[in-house]
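Report on the structure given below.
The values are calculated or read from the model by the stated rules, or taken from the named source; none is laboratory data. What you see is a predicted model, and the numbers here were worked out from it, not measured in a lab. Ideal geometry is used to build each Cβ from the backbone, glycine not excepted, and the neighbour counts take in all protein chains shown. Heavy atoms of the whole protein, side chains included, go into the accessibility calculation; ligands, DNA and RNA do not. Shrake-Rupley method; radii C 1.70, N 1.55, O 1.52, S 1.80 Å.
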Amino acid sequence: MSSTAQPETTPSGSALRDGVRYRVRHSSSYHYGNDIMLAHHLLHLTPREVTGQRVLAFRMEVDPKPSVVAEHRDYFDNPMTYIEMHEPHMRLRVHTDIEVEVAEDRPQVAAM
C-alpha cells in the first residue's frame, strides 16, 4: 500500500508551496485619566485566511478581562472581535501573537 503526501492548503484550497512564515506580535496600551465604567471596542487584529496565506496560530490577550467577547466578520469578510468591559478600569492592554505562512507564489491583490 502506498500513499502520496498532499500539499497543505488554505481554506480556499490553494496549496502552500515554499511558503514563508511570519510571526507578528502586536501590543496596544491605553491609559485613561479616570476610571472608565463601561467600554465597547471593536478589534481588527485577527489575520484573514486568503489564497496563498494560512494562519498557523493566533492568540489574543486582553487586560482587563472583557465581560463580553464576540467574533464577527465585517462586510469584506475580515475577522473582527467585539469586546465589552463592564467593570471600572483605567487602562486597557491588548496583545496578539500571530503566526502566518505566505506562499512564495501568492497572487497579488489589486490596488483599490
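Restricting the search to the stretch 46-87, which residues are touching a residue at least 40 places away in the same chain (Cβ under 8 Å), open to solvent by less than 70 Å² (accessible area, probe 1.4 Å) and more than 25 Å from Arg23 (Cβ to Cβ)? The answer is Tyr82, Glu84, Met85. The set of residues in the stretch 60-99 that are polar (S, T, N, Q) and within 15 Å of the chain's Cα centre (by Cα) comprises Asn78, Thr81, Thr96.
Note on the stretch 54-112: residues that are at pLDDT 95 or above, over 14 Å from His41 (Cβ atoms) and of a type in the set (Lys, Arg) total 2.
Return yes when Asp35 is exposed (fewer than 11 other Cβ atoms within 10 Å of the Cβ), modelled with pLDDT under 95 and of a type outside the set (Gly, Ala, Ser) and no when it is not. Judged against the criteria, Asp35 is not a match. Entry remark, the stretch 88-110: residues being under 27 Å from Gly33 (Cα atoms), open to solvent by 80 Å² or more (accessible area, probe 1.4 Å) and not charged (D, E, K, R) number 1 in total.
Within the stretch 24-45, residues that are more than 25 Å from Val100 (Cα to Cα) sit with their Cβ atoms under 8 Å from residues that are open to solvent by less than 100 Å² (accessible area, probe 1.4 Å) and part of a loop (DSSP other than H, G, I, E, B), at 6+ positions apart or across chains, in these pairs: Asp35/Pro88; Ile36/Pro88; Met37/Pro88; Leu38/His86.
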